[in-house]
Amino acid sequence: MAITRQKKEELVARYKELIKNSTALVFTNYQGTNVAQVRSLRSKLSETNTTYVVVKNRLLELALKESGRVAPEALLKNANGVAFIGEDVAKSVTALNAWIKAAKVLEVTGAILENSVIDAKGAEALSDLPTKEQTRAMLLGAINAPARTLAQMINAPSASLARVINAHADDQKEAA
């Protein structure tokens, strides 16, 4: 069934909007899935601010080019479903991989991270990246470490003096 020009323009506009709000796009071969499974996947991914769309390859390629993103020919073949991932790449890819492992239907074929093309193995490995919360915790730890060390250095002389006075007082008690 042919799609009208107006419908194609609407799809390209939708893809461009999704691309603009995505840090990564993970491509999957959705062949062999049914509507209920795709609905289930969309529900699971919506928890991680990710939108899963079964795409028209030619229109997605056009939207990628118009958005200034790389349009890899190798990924724009076959029956593609694309996970448009928001801010937290690791959390989203982990959720996608978990769903795929449980359902045993989809296959990750690759990804686009910012403007870099990643193969299937690399796309699955994106789940190994630290999550947004983990990154914030690491950053806060790095920021707090010098302050904590400074506070310990400032408190060290007074703590040492207190120990010396206590030791001297104990010695005086024992001598008396």
Output the number of the condition that residue 53 fails; it satisfies all remaining conditions of (1) surrounded by fewer than 15 Cβ atoms within 10 Å (Cβ to Cβ); (2) in contact (Cβ under 8 Å) with a residue 12 or more places away in the chain.
-> (1)
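Mind telling me which of the residues 12, 38 ends up being in a helix (DSSP H, G or I) and touching a Phe, Trp or Tyr at 6+ places or on another chain (Cβ under 9 Å)? Lay out the reasoning, then the answer.
Numbers: 12 fails: touching a Phe, Trp or Tyr at 6+ places or on another chain (Cβ under 9 Å).
The conditions single out 38.
Go through segment 17-39 and give me each residue that's surrounded by fewer than 17 Cβ atoms within 10 Å (Cβ to Cβ) and either modelled with pLDDT of 90 or more or not small (Gly, Ala, Ser) (or both). Talk me through it step by step, then tell me what you get.
Going residue by residue through segment 17-39, those that are surrounded by fewer than 17 Cβ atoms within 10 Å (Cβ to Cβ) are 17, 20-21, 23, 31-32, 34-37, 39.
Of everything in segment 17-39, those that are surrounded by fewer than 17 Cβ atoms within 10 Å (Cβ to Cβ) and either modelled with pLDDT of 90 or more or not small (Gly, Ala, Ser) (or both) turn out to be 17, 20, 21, 23, 31, 34, 35, 36, 37, 39.
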If we ask which residues in segment 36-89 are hydroxyl-bearing (Ser, Thr, Tyr) and farther than 20 Å from residue 114 by Cα, their number turns out to be 3
Residue 88 passes all but one of the listed conditions (1) farther than 24 Å from residue 3 by Cβ; (2) touching a residue at least 60 places away in the same chain (Cβ under 8 Å); (3) crowded, with 20+ Cβ neighbours inside 10 Å; the exception is number (2)
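The values are calculated or read from the model by the stated rules, or taken from the named source; none is laboratory data. This is a predicted model, so every value here is computed, not measured. We place every Cβ from the backbone using ideal geometry, glycine too, and count neighbours over all the protein chains shown.
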